[in-house]
Structures are given as C-alpha cells and as structure tokens.
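The values are calculated or read from the model by the stated rules, or taken from the named source; none is laboratory data. Keep in mind that what you see is a predicted model, and the values were worked out from it rather than measured. Cβ placement follows ideal geometry from the backbone for every residue including glycine, while neighbour counts extend to all protein chains displayed. For accessibility, only protein heavy atoms count, side chains too; no ligands or nucleic acids. Shrake-Rupley method; radii C 1.70, N 1.55, O 1.52, S 1.80 Å.
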Amino acid sequence: MIRLEKRPTPSRFWGAATPVVAVILTMIAGGIMFALLGKDPVAAIRIIFWDPLFSEQFASYSRPQLLIKAGPLILIAIGLSLGFRAGIWNIGAEGQYIIGAICGAGFGLAFYPSENPLIFPGMVIAGLLGGWAWAMIPAILKTRFRTNEILVSLLLVYVAEAILASAATNWLRNPDAMGFPGSRNLSRHPGTDNPELIAGTGMHWGVLAAFIAVIAAYVLMNRHVLGYHIRLAGQAPRAARFAGVEPNRLVLLCLGISGALAGAAGLFEVSGPAGQISIDFNSGYGFTAIIVAFLGRLNPIGILFAGLLMALTYIGGELAQLMLGIPAPAIQAFQGMLLFFLLALDVLSNYRIKWAREAAA
Amino acid sequence: MTALLEIRGLTKAYPGVVANDDVSFSIAPGEVHALLGENGAGKSTLVKMIYGLVRPDSGSMTLGGSAYTPAEPRAARASGVAMVFQHFSLFEALSVAENIALGMEDPPRPRDLARRIQDVSRAYGLPLDPARMVGDLSAGERQRVEIIRCLLQDPKLLIMDEPTSVLTPQEVEILFHTLRKLSSEGTAILYISHKLEEIRTLCDAATILRLGKVVGSCTPREVSAADMAEMMVGKSLATPARDASEPGEVLLHVAGLSLEPATPFGTPLRHIGMEVRAGEVLGIGGVAGNGQDELLAALSGERPVAPGMIELKGTPIGATGPEARRRAGLLCAPEERLGHAAAPDMSLIENAVLTGRVRRGLDRSGFVGWGRARAFAEEIIERFDVRTPGPAVAARALSGGNLQKYVIGREILQAPDVLVVNQPTWGVDASAAASIRQALLDLAQNGAAVVVISQDLDELLEISDRFCALNEGRLSASRPARGLTMEEIGLMLGGAHDMHDIAPEPEAAQ
C-alpha cells in the first residue's frame, strides 16, 4: 500500500528535480500517445524538443521564434506569480494583455504619422496603464464587495475580446485599408515600432523587459519585505494579518502589477511580432502564462526556464504538425501532460512516499 | 474483582521514537483509572491502541476475559469501548441530534433519537437540547454532546482525553458527578489528564507514564500532588518566583472596547475595560470561546477599533495596525502557534522577521537583512532553549512546546512595554511551561506590563498579580489574585453555563 507522509521540512532536492522528472515523464507518456496515433514517437519528440534549435533546415527560422514566444509568456507569468504566491488568482491576464495592446497602439496611432522618438516610450506607459486599469476592476470589486477575482478577471477576458473586435473593425481600423479589418501596421512605421534589437535572435524590447522583470521579481521575493509579505499571505493568511499585512492592499498591488506587466506584454507584441491590432490578435499568451508560472514553481528563475521550455513545445509542436501530420489536439494534450505531471509530482517536495505493507492482523 | 481491561506488554514504536515500551496495567469494572504523564509520554498512543486507531507492535489486551484486538474504532465500539476526544469532531452548522446520528452505525429515526438523547441526558445530569445548533453551544455543552454520543452505545469502558481543559470549575463538578454515577453503575473510566488535583478527587487508581514507559502507579487519594508531579516529570519542579515590587504607571488602558465577531460563531466583545501597570501581571481567565481570540485580535491590531478604546502609555492606538503597535511597544503572542503566531512552512529565520522586523531593525529601507534575522533567530533559540537542529528548519518541524518557546521568546527579546499572551503554555510540557512562566515574570520584573489570557487557572493564580474573568465577551472587574479560591473564580467565570437549575445535588443522587 502506498502512503504519503508529510515531510517536516520541504525537500530542496525534489523542489528542483520535479520539473526535470516531469519533462521526462511527459516525453514518455507523450511518446506512447504519438505511437498510438501511428507516428514515430522518437522522431516526434526530437522534432518538438531538438529540431527547433539545432536542425539546419529550420533553426534559422525557429530559433528567433523562441525568444519571441517566450518573452511575453515570461513577462506575464512573472506578474501572475506574485499574486499566485499571495493566494490572489488573476486568471484574466489575457484580457489585460488585449487592453494593454489596444491602449498602447491607440496612443501610438493618435500621433500618426509623427515619428517622434518619445512616442514609443509613451506607448509602453499607455500599455502598462491599460493592463493595470483592466486588472483594477476585479481588484476593486474584490476589496469592496468581496467578489471572486478568479471569476471576474476571467469573464473580463471576453469583454476585452469584444472590445478588441470593435477596435479592429471600427475605431482603430486602418483608414487606408479599404474596409479590411485591422489597424495600421505599427511595426512598419518608425516611431511606433518595436524592432528586433539584435538581428537573427528575436530579441525585442519586450524580451528585454521580461529579463528585467525576472531579476526584479527575484530581488523582490527574496530580499524585500513586500516579497516576504506576499509569501506570508499565501502560506499563512492569519499570520500575515498578525504581522501587519493589509490583505486589501496586497490584492490591489498584486493584481495591479500582474495587469500592468500583461498590458506591457500586449503592447510589445502589437508593436513588434504581431504588428497591428487585428480581430484575432490575442493568441492565448495570457492563459499559457498561468501554466508557465506553475511550471516554473512560481519562482522567477524557474519561470524564465519554463517560459523558454513552453515556447519550445509551441514551436516544436507546430513543426511536428507540419512534418509528421500530428493533429493539433494531440500537441495540446502533450502540453497538458506537462502541467499534469508537474503538479502531480509537486506532492513529492512536501510528502514522502512510503511503501508500507499492511501489518498482519 | 477480575479486571475488565487488562493490558500486557504493549509496545508501539514510530521511526525514531518508542511511543510505548512494554506498558502493562489493568482496569476493574467501575474503576476510575487515571493515565498520567507529560506531553509526549505516550498517553495518546496508548489510548489510540485501546480504541483501535493504532495497532500495537507487540503485547496483548484482554477485555472482559477474552482477547481484545480492535482493528478499528468501530470494532472497539462494538466491544463496548467508547472515547471522548480532547478535540471535538462536531459540525457547527448541524443540530445536536444530527451530529450524534452521524456517529452512529444505524441511527434510529430522528424523533426516537431525540427522545433517547433526552433520556440519557436526564439520567446522567447532562442537560442538552437535541434540537440546538452545535455552533451555538459552549465548549462544556459540546463536550456533553460527545459524552452522550458515547453513552448511547452503553459502553463498558469510557476513555476521556483531557476532558476538563475546556470547563469552568462548576462544570468540572458536574462532569465529575456524571462520571461517578457511571462508575457506580459499573462503567470503567480511563481518565487522561495532567491536572493532579482533579485526579486526586476523582480517580481510584493511577498509572504514570514517562517517555513511553510505566514509571509508577499509585492510589491518588493517598499521595500528594507534588509526589505525582515528581513521578511524572522525573525531577522536582521549580515554582516560578519573583521579588515583590510596587506596580508603576499605567501602561495599557482599555475602556469600552466592543467588537463584533469576524465569523458567525465568534463571540462579540462587550465594553471591555482594563488597566495594566508597569511591573504587573494581569491574568484573564475564562473558558475558550468566550472572546479570548477576539480580545487578542483587538489588542494586537489585527482588528482595528475606535482610537480611544485602547491607549498605550496615554496615546490612543485603537485604530492603528499591528506594525504601528509593535513600534509603540505593544507586542502580542496569539494562542494558535502554527498559522497565526508563526507560518508553518517558513523557516525559523523567516518567522523571526514576522514580528521582529520593526523593533529589531531587521530591514533597511524595505530590504530584509537575512543575516541579522538569522542572528535574532539564533538568539531566541539559545536564550529560550528551543530544541531545533538549527534556525533554517521549518516552523512546523518543531514540537508544540518548542515552537511555543520560540514564539514567546521572539516577543520577549524585543523588550516590549506591554506583552499580551494567549494560552502561553497550552500543550507545553511541565518544565517548558515553568520556564515560559518564569520568563513572563522576569519581563514584568523589568518593568513591562504583562497580560496573560489562559484557561489554566492554576497557571493564572501562580503568576498573576490581579485576576479577572472573560465570560461571553464581557470582562469582570479585576481582583487581587492572592487569596482567591477556586469557588470565587468559578463564580467570576459565570459558573456553569445554564446549569444552575438542573444540576443535581451531589449528595442526593448518591
């Protein structure tokens, strides 16, 4: 019989080892799934994890994609992780991402066709504020009326999508596009563009912001009283109040930071890789970032690696669809396995498994 | 008389500790048998084996002459063994009858059950209305629900784990009356406690455990409490002491403090007033659930109140938060160690920052100095003899008593002007409890005002200068602690909760 026994102190070894073991188990279980689908499992795993970076054929295209996809995931996940650590669940980063993009793009387009170098910084600030304001809706409703931030923030995603559709087809539409939906292209206009900073790497201002966010979050969580209070509130809410943490202040702060970072990620995306506001501009980064945050164990350094890994499975997954004809739902199931194994193995850092035999009666 | 329950050589080992080592004793029908020992002596493991919750590694038990090996509590109940646990397992939102029905194998129809509950409660002098919500009951009444639940099974052996820790002296009398009646009808009672005077009044025999072994047995009526304490601890205990001193100026002044409870089953505070002077220990007695948690939350700043309701050294501080009060010199140590006074999964270093940040300067412009925090944690560990492998260990890995020493030490080493502690020695073994009490007295000696909220009346009488009682959210006027009798204290505590008219006359029922 298997028994779980609580460890007196959380295991450091398993805390670090679970992501690695989870990836290996995902490869095994995913390989079985691909084999059942009649595809070569070894080739599929190689195409997903290896080819995007090292294949001569694809790497020149897919290597920059790694940072382009990982950047927003990391930036959003870092913001979310602060709240998750405190037990504040912002599930609506996707909506904050959309609103941040619309606000930032709107700011840039308002000055069109000016090429003033101050426009881009202004767009970043507008993006931050847009995401922040959208996250303040669930925050204020929670602190004032005790509503559930999970539901409110999630439902606001669909409101944001409706606003996005109206912006793309109506009030932000490119007047020169002869009726086609979508805004002017920001990335092809000097002054509003978020360029690739080093050619061939995919590095843009958003990726840089994500790296800075990782460092800042690391310092905040490990060195600063605010980070200590965030951890305390998540682990022992009563002890946090006893220590003097104001729960409402923490809700406003955590939702605000995660919303602002999601908004900034949206702005960097719309002015860079995506280029314009379009109906289907959002591509699920806000939701995937939740997975990234947990995959990285809510730890800034962990999130950095988790974001890169997640981006890799996306690029590799697309490649596998293309090369082996693996259906898209199978790729999503594969990504789901990763989260499943990670959360299931998480138990090991706090519990130890005992193979106890029932004593004879 | 042949033994009802006979235990021979019971042994149970857990990794790293032998909880019971070759324990033998026997209980006769109708005997009230005390099981005596400090925390960690192995009392709980022993009764869990008798009740079928834990299986012994070796040894045997016989019940009524035949071999007795309960595989689970249900089997124990079927054999006639019932147990009242220290911590009640009742649903607050259900009625008394519903709670009792939940614990039965096949409950009778609700109407019949209600009648049976009333019959039993009348027969044993334990008044209880089957239709009342458990959430509205006092701790004493909740215990009655548990006892009646057991009595409905008509047990031959009733195990009671620390039953009086939640009762007023008058309620204790009523409980003892019930137990004596049960015993006169032939029900044996295994009574677990570390309150020696109680055991001397109630029990026919006592078995004393220390570190898992039987270290002695005695007839409690014939030996003194001090003798039993020595057998229990293995050494004689120093009584906390200090030099008499004149109280100084008023440090903490509370007036008209009222507070609605945070939860539906909490207790509202009503017009609480008190005054504590420098160098003085004020003891606040009362049965748990009469507003102790709310009072501590109001004093610590977790629940802000109107500014003038609480004054520290003449400054109104009622509306400020915990950090500001610490800065001003008012420190608190709540009852619940894990989750309230300390974060279970954080290390002792991190837990040192929890309350020590402001007064010990553990941060510089918002950045925590972990080196200084570690030094503070090490200082607490050394000064208060906290047994731990080191300061980096998670708080939940410490035993209750050690963590309590850490929590109290953390506040005392911050040199507070006023210290409020709730249940400072709850669940702490006798020698650690003595050192905590001594530390509180030393603090008062050095000019601080100390408020001790406790259910342990012996403790309060030992260390307080003045005593007052908290009953249903109201605080009585304080009286000098010296010379107070248990009778007077019981009356201050509000006597037995709604028992005055129904309680049987002790003599008449015999």
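For region A:55-325, how big is the tail of P(r) above 26 Å, as a whole percent of Cα pairs?
Details: 15182 of 36585 pairs.
Looking at region A:55-325, the distances longer than 26 Å represent 41 percent of pairs.
Show the residues, 5+ positions off or on another chain, whose built amide H is closer than 5 Å to the amide H of residue A:352.
Here A:5, A:6, A:7 satisfy the definition.
Counting only other chains, what is the mean number of Cβ atoms within 10 angstrom of the Cβ of each residue in peptide B:387-393?
1
Spin-label point model (7 Å from Cα, Cβ direction): what's the residue B:224 to residue B:78 distance in nm?
With each label point 7 Å from Cα toward Cβ, the separation is 5.1 nm.
Across bins of 5 angstrom width beginning at 0, how are the C-alpha pair distances of region B:5-233 distributed, in whole percent?
Reading the bins upward from 0: 1, 7, 14, 18, 20, 16, 12, 7, 4, 1, 0.
With r defined as the distance between the Cβ atoms of residue B:262 and residue A:144 and R0 fixed at 22 Å, what FRET efficiency is calculated, to the nearest 0.05?
Details: r = 18 Å, r/R0 = 0.81.
The value I calculate is 0.80.
Nearest 100 Å², what total accessible surface is buried between chain B and chain A (probe 1.4 Å)?
Numbers: alone 21980 and 17700 Å², together 37200 Å².
About 2500 Å² of accessible surface is lost on pairing.
In degrees between 0 and 90, to the nearest 10, how far off the longest principal axis of chain B does helix B:400-412 point, with axes built from Cα atoms?
Relative to chain B, helix B:400-412 is tipped by roughly 20 degrees.
So what J values fall out for region A:198-205 if you push phi through Karplus, 6.51 cos²θ - 1.76 cosθ + 1.60 with θ = phi - 60°, rounded to Hz, Gly and Pro as x?
Per residue, the Karplus-derived 3J(HN,Hα) values read 10, 4, x, 10, x, 5, 10, 4 Hz.
Using only Cα atoms, figure out Rg for region B:151-196 and give it as a multiple of 2.2 N^0.38 Å.
On the way: Rg = 10.8 Å, N = 46, 2.2 N^0.38 = 9.4 Å.
Relative to the 2.2 N^0.38 Å estimate, region B:151-196 comes out at 1.15.
Apply 1/(1 + (r/R0)^6) to the Cβ-Cβ distance of residue B:442 and residue B:201, taking R0 = 35 Å, and write down the FRET efficiency to the nearest 0.05.
Working: r = 34 Å, r/R0 = 0.96.
Using R0 = 35 Å, I get an efficiency of 0.55.
What is the mean number of Cβ atoms from other protein chains located within 10 Å of the Cβ atom of each residue in peptide B:341-347, rounded to a whole number?
On the way: counts 5, 3, 12, 3, 7, 6, 1.
Per residue, the average neighbour count from other chains is 5.
Within a Cβ distance under 11 Å of residue B:405, other residues only, what is the Lys/Arg minus Asp/Glu net charge? Write out the running numbers ahead of the final one.
On the way: positive: B:337, B:383, B:387, B:410; negative: B:385, B:429.
So the environment of residue B:405 carries a net charge of +2.
So between residue B:87 and residue B:106, what do we pick up on full extension, going 0.36 nm a residue minus the alpha carbon distance? List each step's numbers first, then the result.
Numbers: separation 19, 0.36 × 19 = 6.84 nm, distance 2.41 nm.
Contour length minus the Cα-Cα distance gives 4.4 nm.
Over chain B, what is the relative contact order in percent, taking alpha-carbon pairs closer than 8 angstrom and at least six residues apart?
Working: 1031 pairs, mean separation 78.6, N = 510.
The value is 15 percent.
Peptides B:137-146, B:182-191: what's the order by average Cβ count within 10 Å, highest mean first? The partial results should precede the final answer.
Numbers: B:137-146: 22.2, B:182-191: 19.3.
Most protected by this proxy first, the peptides run B:137-146, B:182-191.
Using only the alpha carbons of region B:250-492, what is the convex hull's orientation-averaged projected area in square nanometres? Please list the in-between numbers first.
On the way: hull surface 49.9 nm².
Computing the convex hull of the Cα atoms and averaging its projections yields 12.5 nm².
Of all the stretches in chain A, which is the longest one without any exposed loop site, taking GluC sites (Glu not before Pro) in a DSSP loop (any state but H, G, I, E, B) with at most 13 other Cβ atoms within 10 Å?
Working: sites that count: A:56, A:115, A:358.
So the longest stretch without any such site is A:116-357.
Quick one: Karplus J couplings for region A:115-128, per residue in order, coefficients 6.51, -1.76, 1.60, θ = phi - 60°, nearest Hz, x for Gly and Pro?
Using θ = phi - 60°, the values come out as 10, 4, x, 7, 5, 5, x, x, 4, 4, 5, 4, x, 4 Hz.
Could you give the distance between the Cα centres of region A:324-348 and region A:58-101, to the whole Å?
Answer, in whole Å: 19.
Can you give me the % of accessible surface on region B:5-233 that is carbon or sulfur? Probe 1.4 Å, all protein chains present, nothing else counted.
50 percent
In region B:11-117, which GluC sites (Glu not before Pro) are in a loop and have at most 12 other Cβ atoms within 10 Å, using DSSP for the loop call? Before the final figure, lay out the partial values.
Details: sites: B:31, B:38, B:92, B:98, B:105; in loops: B:31, B:38, B:92, B:105.
Passing sites in region B:11-117 are B:105.
With a Förster radius of 35 Å, plug the Cβ-Cβ distance of residue B:367 and residue A:151 into 1/(1 + (r/R0)^6) and report the FRET value to the nearest 0.05.
Numbers: r = 36 Å, r/R0 = 1.04.
Result of the calculation: an efficiency of 0.45.
Where the centre of each part is set by its Cα atoms, how far does region B:39-86 sit from region A:165-187, in angstrom?
78 Å
Carbon and sulfur atoms: what percent of the 1.4 Å accessible area of region B:250-492 do they account for?
The C+S portion of the solvent-accessible surface of region B:250-492 is 50 percent.
Diagonalise the Cα gyration tensor of chain B and give the resulting equivalent ellipsoid semi-axes, square root of 5 times each eigenvalue, largest first, whole Å. Let's see the in-between values first.
On the way: eigenvalues 325, 150, 95 Å².
For chain B, the semi-axes come out at 40, 27, 22 Å.
Region A:232-249: which residues show an accessible-area loss of 20 Å² or more, assembly versus chain alone, 1.4 Å probe?
Buried by the other chains: A:232, A:235, A:236, A:238, A:239, A:241, A:242, A:243, A:244.
When the chain is fully extended, how far beyond the present Cα-Cα distance does residue A:198 get from residue A:42, taking 0.36 nm per residue of separation?
Computed gain between residue A:198 and residue A:42 is 52.8 nm.
Normalised by the residues of region A:241-361, what does the relative contact order come to in percent, with Cα pairs under 8 Å and at least six apart?
Details: 36 pairs, mean separation 14.3, N = 121.
12 percent.
For region B:281-291, take each phi angle, set θ = phi - 60°, evaluate the Karplus expression 6.51 cos²θ - 1.76 cosθ + 1.60, and give the result in whole Hz per residue in order, putting x for glycine and proline.
10, 9, x, 10, x, x, 6, 3, x, 9, x
Specify the angular offset, from 0 to 90 degrees and rounded to the nearest 10, of the alpha carbon long axis of helix B:169-184 from the longest principal axis of the alpha carbons in chain B.
Roughly 20 degrees between the two axes.
Check which residues have an amide H placed less than 5 Å from residue B:168's amide H, if you skip close sequence neighbours.
For residue B:168, no residues qualify.
Report in % the part of the accessible area of region A:55-325 that belongs to carbon and sulfur, leaving out ligands and nucleic acids; probe 1.4 Å.
Working: 7120 of 10990 Å².
Percent of accessible area from carbon and sulfur atoms in region A:55-325: 65.
Could you state the accessible area per residue of the protein assembly as shown in Å², with a 1.4 Å probe and every protein chain left in place? Before the final figure, lay out the partial values.
Values: 37200 Å² over 871 residues.
Value for the protein assembly as shown: 43 Å² per residue.
Taking every pair of Cα atoms in the protein assembly as shown, average 1/r, invert it to obtain the Kirkwood radius, and report Rg/Rh to two decimals. Spell out each step's value before the answer.
Values: Rg = 33.1 Å, Rh = 31.4 Å.
My calculation of the ratio gives 1.05.
Calculate, in nm to one decimal, what residue A:332 and residue A:59 gain on full extension: separation in residues at 0.36 nm each, minus their alpha carbon distance. Write out the running numbers ahead of the final one.
Values: separation 273, 0.36 × 273 = 98.28 nm, distance 2.24 nm.
Residue separation times 0.36 nm, minus the Cα-Cα distance, leaves 96.0 nm.
Given the protein chains as shown and a 1.4 Å probe, how many square angstrom of residue B:53 are accessible, to the nearest 10?
Accessible area, nearest 10 Å²: 90 Å².
Over all distinct Cα pairs, what is the inverse of the mean 1/r for region B:292-373, reported as the Kirkwood hydrodynamic radius in Å?
Values: mean 1/r = 0.0732 Å⁻¹.
So the Kirkwood estimate lands at 13.7 Å.
With the radius of gyration and the Kirkwood radius both derived from the Cα set of region A:223-353, what is their ratio Rg to Rh?
Working: Rg = 18.5 Å, Rh = 17.6 Å.
Ratio value, two decimals: 1.05.
Just to be sure I follow the definition: excluding the sites themselves, where is the longest run in chain A that has none of the trypsin sites (Lys or Arg not before Pro) in a DSSP loop with at most 16 other Cβ atoms within 10 Å? Please list the in-between numbers first.
Working: sites that count: A:146, A:188, A:357.
Of all site-free stretches, the longest is A:189-356.
Can you classify region B:177-301 as rounded, prolate or oblate using the Cα gyration tensor, where a ≥ b ≥ c are the square roots of its eigenvalues, rounded means a/c under 1.5, and otherwise it's prolate if a/b beats b/c and oblate if not? Numbers along the way, then the final one.
Values: a/c = 3.06, a/b = 1.64, b/c = 1.86.
Oblate, because a/c is 1.5 or more while a/b does not exceed b/c.
Please work out the Cα center distance from region B:171-204 to region B:345-409, rounded to the nearest Å.
42 Å
Taking the convex hull of the alpha carbon atoms in region A:4-132, what volume per residue do you get, in Å³?
Numbers: hull volume 28.0 nm³, N = 129.
In region A:4-132, the Cα hull volume divided by residue count equals 217 Å³.
Can you list the residues in region A:206-228 whose accessible area drops by at least 20 Å² when all protein chains are present, compared with the chain alone? Use a 1.4 Å probe, heavy atoms only.
Residues losing area: A:222, A:223, A:224, A:225, A:228.
Measure up B:48/B:181; B:12/B:213; B:156/B:181; A:6/A:354 against 19 Å on the Cα-Cα distance and list the ones that go over.
Numbers: B:48/B:181 25 Å; B:12/B:213 11 Å; B:156/B:181 13 Å; A:6/A:354 10 Å.
Violating the 19 Å limit, Cα to Cα: B:48/B:181.
If amide hydrogens are placed 1.01 Å from N in the peptide plane, which non-local residues have theirs closer than 5 Å to the one on residue B:258?
Here the answer is B:271, B:272, since their amide H atoms fall under 5 Å of that of residue B:258.
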